[in-house]
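Structure, as structure tokens:
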Amino acid sequence: MSTVPLTEITSEDIESLAVGAWILGTGGGGSPYLGLLNLRQLYAKGHRVQLMSPLDLDDDDHVAVVSNMGAPLVGQERLADSRNIARAVEMQQEIGGFQFRAVMSVEIGGGNGMQALMAAAHLGIPVVDADCMGRAFPEAQMTSVAIGGLRPYPCTLYDPRGIEAVVTKVPSWKWMERASRKICVEMGSIASTCKAPRTGREVKDWGIHFTTTAAIRIGGLVREANRLHTDPIAALLDSEGGKRLFTGKVVDVERRTTEGFLRGSIAIEGIDDDRGSRLDLSFQNEWIVAWREGKAVAMCPDLICVLETLSGHAVGTETVRYGQRVTVVAMKAPAVLTSPRGLEFVGPRAFGYDLDFLSVFDAHAGAGV
């Protein structure tokens with residue numbers, strides 16, 4: 001194993017990561033708040049986490065890919081424990097008979113953007129500055145490694161009661177989603193998981209790189225704008241090349257937890273420049289499609305982010321409520337997700353919507369976006 005440069009993640013970085021990962025979560029991935037509390041406590045006890053570039057991995061290194069799986073609303077009710085995600089990683093090591101070189105999050109979005117740091121603090125290994133989504137998605141097959149056709153198994157699952165489960169072999173990523181989701185539901189619709197181990201070569205070829213530093217940068221921008229009393233959303237869009245879609249007040253929320261997912265929709269009544277108009281958002285853990293006056297104006301895999309208008313902080317599908325003043329923005333998805341094969345996994349039809357993907361960043365997207 002080669003010696004590579006590592007960067008220490010500071011306490012300030014963790015605060016910014018929580019804000020930025022919540023924005024990149026596009027409504028899902030679970031709230032980062034409980035993970036942030038865990039990391040604050042771990043840092044107060046002297047733990048430190050280091051970040052490494054994915055390009056510095058050796059081809060034969062083993063990388064753990066971690067996440068919490070389940071419905072975000074349940075994640076608000078069951079307190080996070082960093083030892084759970086560390087145990088899911090240890091289970092993979094026991095099965096494979098190897099030691100992991102590093103750990104990374106399956107998705108940088110939401111609370112799952114914090115999970116790799118929580119595991120690393122206990123395991124004493126670095127975090128890879130990469131993930132498999134560049135955002136958050138609700139299902140196991142909605143990843144860059146699935147798009148790349150990499151092996152989907154084994155997957156370990158662990159819950160706070162000490163229940164340990166392993167999905168040892170499946171014929172496809174979709175079957176991994178189905179099998180692991182059933183186990184997760186029995187665990188109470190939330191479980192700590194370590195996905196199929198990846199090699200350093202696979203992370204270099206199929207990981208979405210430098211997303212942890214992107215989340216820290218985004219969170220830092222918003223926090224600094226709040227400190228200076230400037231517009232955090234303008235700062236975000238200017239930095240990341242995003243687009244404002246709509247500003248208004250939440251006037252209706254419908255959600256339900258079913259089959260391990262949080263599903264539903266919200267309605268936003270326009271104010272200011274959008275007065276007299278309405279935006280509806282459908283979600284499956286994450287915001288999937290935005291409809292303005294019945295027309296789809298934004299859709300997966302573009303990032304649809306609902307932000308508090310004044311603070312610029314993200315609003316999750318499990319925390320959105322009547323009366324909130326919000327601004328809906330879009331950010332461009334990683335190229336692997338918008339490729340023809342990528343759209344088979346994460347385009348609107350993957351969520352059951354009979355829509356041809358049209359990015360809001362496409363010159364032909366039309367007016368109203």
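The values are calculated or read from the model by the stated rules, or taken from the named source; none is laboratory data. Here the structure is a predicted model, which is why all the values come from computation and not from measurement. All Cβ positions, glycine included, derive from the backbone under ideal geometry; neighbour counts span all protein chains shown. When the accessible area is computed, the model is the full protein with side chains, heavy atoms only, and any ligands, DNA or RNA have been set aside. Shrake-Rupley method; radii C 1.70, N 1.55, O 1.52, S 1.80 Å.
Things to note:
- For the range 87-143, the tally of residues that are within 17 Å of Gln284 (Cβ to Cβ), among the charged types (D, E, K, R) and crowded, with 24+ Cβ neighbours inside 10 Å stands at 2.
- Residue that is farthest from Phe137 (Cα to Cα) [pool: residues in the range 10-43 that are of a type in the set (A, V, I, L, M) and touching a Ser or Thr at 6+ places or on another chain (Cβ under 8 Å)]: Leu42
- Helices (runs of 4 or more DSSP H) lying entirely in the range 26-118 (those with 3 or more residues that are at pLDDT 95 or above): 33-44, 82-96
- All conditions but one from (1) at pLDDT below 95; (2) in contact with a helix residue (DSSP H, G or I) (Cβ under 6 Å, 6 or more places away or on another chain); (3) open to solvent by 10 Å² or more (accessible area, probe 1.4 Å); (4) under 30 Å from Phe283 (Cα atoms) apply to Val19; the one that does not is (1).
- The range 140-160 - residue that is among the hydrophobic types (A, V, I, L, M, F, W, C) and in a strand (DSSP E or B) and, of those, nearest to Lys182 (Cα to Cα): Leu157
- Members of the range 187-205 that are surrounded by 19 or more Cβ atoms within 10 Å (Cβ to Cβ) and either closer than 22 Å to Gly111 by Cα or not assigned by TED's automatic domain parsing to the domain that holds Asn84 (or both): Met187, Ser189, Ile190, Ala191, Ser192, Thr193, Cys194, Lys195, Ala196, Pro197, Arg198, Val203
- In the range 22-53, the residues that are over 23 Å from Ala71 (Cβ atoms) and open to solvent by 10 Å² or more (accessible area, probe 1.4 Å): Arg40, Gln41, Leu42, Tyr43, Ala44, Lys45, Gly46, His47, Arg48, Gln50, Leu51, Ser53
- Residues in the range 146-186 that are open to solvent by 20 Å² or more (accessible area, probe 1.4 Å), of a type outside the set (A, V, I, L, M) and farther than 27 Å from Gly342 by Cα: Tyr158, Pro160, Arg161, Gly162, Glu164, Glu186.
- Cβ separations smaller than 6 Å between residues 6+ apart or across chains give the following pairs from the range 42-68 residues that are aromatic (Phe, Trp, Tyr) to residues that are open to solvent by 40 Å² or more (accessible area, probe 1.4 Å): Tyr43/Ser11.
- Of the residues making up the range 17-47, those that are farther than 17 Å from Pro301 by Cα and among the aliphatic types (A, V, I, L, M) are Leu17, Ala18, Val19, Leu34, Leu36, Leu37, Leu39, Leu42, Ala44.
- Among the residues of the range 333-360, those identified as surrounded by fewer than 17 Cβ atoms within 10 Å (Cβ to Cβ) and of a type outside the set (Gly, Ala, Ser) are Pro340, Arg341, Glu344, Arg349, Tyr353, Asp354, Leu355, Asp356.
- Hits in the range 222-250 (condition: part of a helix (DSSP H, G or I) and either buried (at least 21 other Cβ atoms within 10 Å of the Cβ) or hydroxyl-bearing (Ser, Thr, Tyr) (or both)): Val222, Pro232, Ile233, Leu236, Ser239
- If the condition is being modelled with pLDDT of 95 or more and not small (Gly, Ala, Ser), then the range 257-272 contributes Ile266, Ile268, Glu269, Ile271.
- If you check Val185, Val166, Val170 for being under 29 Å from Leu37 (Cα atoms) and either free of Cβ contacts under 8 Å to residues at least 60 places away in the same chain or assigned to a strand (DSSP E or B) (or both), only one passes: Val166.
- Restricting the range 316-332 to residues that are out of contact with any helix residue (DSSP H, G or I) (no Cβ under 8 Å at 6 or more places or on another chain), open to solvent by less than 30 Å² (accessible area, probe 1.4 Å) and at pLDDT 95 or above leaves a set whose member that is farthest from Thr26 (Cα to Cα) is Gly323.
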